[in-house]
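The values are calculated or read from the model by the stated rules, or taken from the named source; none is laboratory data. What you are looking at is a predicted structure, and each value in this text was computed from that prediction instead of being measured. No Cβ is skipped: glycine too gets one built from the backbone with ideal geometry, and neighbour counts run over all protein chains shown. Note: areas computed on protein heavy atoms with side chains; ligands, DNA, RNA excluded. Shrake-Rupley method; radii C 1.70, N 1.55, O 1.52, S 1.80 Å.
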Amino acid sequence: MARAARRIQWEKIKLDDGSFESANVFDVNNDGIMDIVCGGYWYEGPDFKKHKLCDVLAAGEYYDDFSTIPMDVNGNGYLDVITGGWWGKTLYWRENPKGLPLEWKSHEIDMCGNIETTRAWDVDGDGELEICPNTPAGPLVFYKLIRDENGKGTGKFQKYVIDEKPSGHGLGFGDITGSGKGCIVVSNGWWEPTGDPLTSAWVFHQEFDFKGASVPILVVDLNNDGINEIIVGQAHNYGLDYYTQTLNPDGTRTWTKHPIDPWFSQYHDMIWVDIDSDGECELVTGCRHRAHCGNEPGEDDIVGLYIFKWNGESFTKQVVDYGSVPHHSGTGIFFAVADLDGNGRLDIVAPGKEGLFIFRNLGFESIGLK
């Protein structure tokens, strides 16, 4: 008997040929309409008119701009951007000129070393995001925005150091133990706070080796059993996997590897989100084109952007885009999933050396299956 399945239809739009690798979606000018920020430019919705944001340091095939984190840093009601890069070795916030057609001023947060990319997580559980750069050769640190008595940003950050040793390639955050405590995951283990994350020591559990891991490393409960799994991509090699945990009698954990997709390379960024609105999250990820300028396995392969849907036992791969550059897209190093036009459907904004793409979610089409 035939039955019907559902698949999202996508409209692909190449917004720009620029090769910035980081983008995000937020309301830049407070007009209630979503805009796109990517590297040295922002694109004003709904038609995405291009405006210059600032000059960005260029280094070979790269721009020194490896994250796009919106945050009202100075408390004036407009979202600024936090970014950083490998060559400048500096974490910055770029000041939004209140949505006016002016260039954004860059302010140094910290010269923290080569930044692979940066993420934002609520490390201390106070409802506000902290800034967490991945500095492979540098210490494991995070930065907390200093707020005034009204909870508004002051333009300043407090630095917290978890460990002084090189932190390695890969970074994630989530509840490993099931206790509700947020832990920080790196490529060869995970850090657990012993008390207040801001004032107490963190203890390290060296329980795996993910090599050159993705940023983020995801900590999620795949099968809804109350125990979180880890999803990790190989950022500079082939492979995408998830790991289940088993608690040993001595309190340590054994992690078992399960392949998701061993056939593609450069799974550098990923988002765990309910993109099809069925009440369950999916894994949205893809390739970062020429992550190291053609010097690693698979960097010049055909690029792809994918949704991996958990079916209760394994992941089923759905293709959003697949093909040759520059007509098709991967994810870059920092991509976004957001509702661009307020229709309730989540769209994908994918930057990269192949250009800046929008994938508009057109809703479902039915597929006949036997």
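Quick notes
- The residue pairs whose first member lies in region 247-261 and is in contact (Cβ under 8 Å) with a residue 24 or more places away in the chain, whose second member is acidic (Asp, Glu) and part of a loop (DSSP other than H, G, I, E, B), and whose beta carbons are closer than 7 Å, counting only pairs six or more residues apart or on different chains, are THR252/GLU207; ARG253/GLU207; TRP255/GLU207.
- For first residues located in region 163-185 and farther than 14 Å from ALA213 by Cα, partners that are assigned to a strand (DSSP E or B) and open to solvent by 60 Å² or more (accessible area, probe 1.4 Å) and lie 6+ apart or on another chain with Cβ distances below 8 Å form the pairs ASP163/PHE204.
- Some residue of region 282-303 being polar (S, T, N, Q), within 21 Å of the chain's Cα centre (by Cα) and modelled with pLDDT of 95 or more: yes
- Residues of region 267-281 that are closer than 14 Å to GLY332 by Cβ and either in a strand (DSSP E or B) or modelled with pLDDT under 90 (or both): MET270, ILE271.
- Hey, ASP47 acidic (Asp, Glu) and without any contact (Cβ under 8 Å) to a residue 12 or more places away in the chain or not: yes
- Just one of the numbered conditions (1) out of contact with any Gly (no Cβ under 8 Å at 6 or more places or on another chain); (2) closer than 23 Å to THR244 by Cβ; (3) in a strand (DSSP E or B) is not true of PHE204: (1).
- Breaking point among (1) touching an Asp or Glu at 6+ places or on another chain (Cβ under 6 Å); (2) open to solvent by 40 Å² or more (accessible area, probe 1.4 Å), for GLU164: (1)
- Inside region 125-146, residues that are over 24 Å from SER214 (Cβ atoms), of a type outside the set (Gly, Ala, Ser) and in a loop (DSSP other than H, G, I, E, B) make up a count of 2.
- Meets criteria (open to solvent by 30 Å² or more (accessible area, probe 1.4 Å), assigned to a strand (DSSP E or B), in contact (Cβ under 8 Å) with a residue 24 or more places away in the chain and not aliphatic (A, V, I, L, M)) for THR285: no
- Taken residue by residue, region 200-215 has at least one member that is open to solvent by less than 10 Å² (accessible area, probe 1.4 Å), modelled with pLDDT of 95 or more and more than 24 Å from TYR143 (Cα to Cα).
- Scanning region 16-34 for residues that are farther than 13 Å from PHE335 by Cβ and either surrounded by 18 or more Cβ atoms within 10 Å (Cβ to Cβ) or among the hydrophobic types (A, V, I, L, M, F, W, C) (or both) yields ASP16, SER19, PHE26, VAL28, ASN29, ILE33, MET34.
- Residues in region 296-353 that are in a strand (DSSP E or B) and loosely packed, with under 14 Cβ neighbours inside 10 Å: THR316, VAL319, GLY323.
- Neighbours by Cβ (under 6 Å, 6+ apart or cross-chain): first from region 127-140, farther than 12 Å from LYS159 by Cβ and modelled with pLDDT of 95 or more; second in a loop (DSSP other than H, G, I, E, B) and open to solvent by 60 Å² or more (accessible area, probe 1.4 Å): ALA137/PRO166
- In region 79-107, residue nearest to the chain's Cα centre (by Cα) [restricted to those that are open to solvent by 50 Å² or more (accessible area, probe 1.4 Å) and under 22 Å from ASN150 (Cα atoms)]: LEU79
- Among the conditions (1) in contact (Cβ under 8 Å) with a residue 40 or more places away in the chain; (2) over 20 Å from the mean Cα position of the chain (by Cα); (3) in a loop (DSSP other than H, G, I, E, B), the only one that GLY32 does not satisfy is (1).
- Single residue of ASP124, ASP110 found to be within 20 Å of MET71 (Cα to Cα), out of contact with any Pro (no Cβ under 7 Å at 6 or more places or on another chain) and open to solvent by less than 40 Å² (accessible area, probe 1.4 Å): ASP110
- Of all residues in region 35-58, those being part of a loop (DSSP other than H, G, I, E, B) and open to solvent by 30 Å² or more (accessible area, probe 1.4 Å) number 4.
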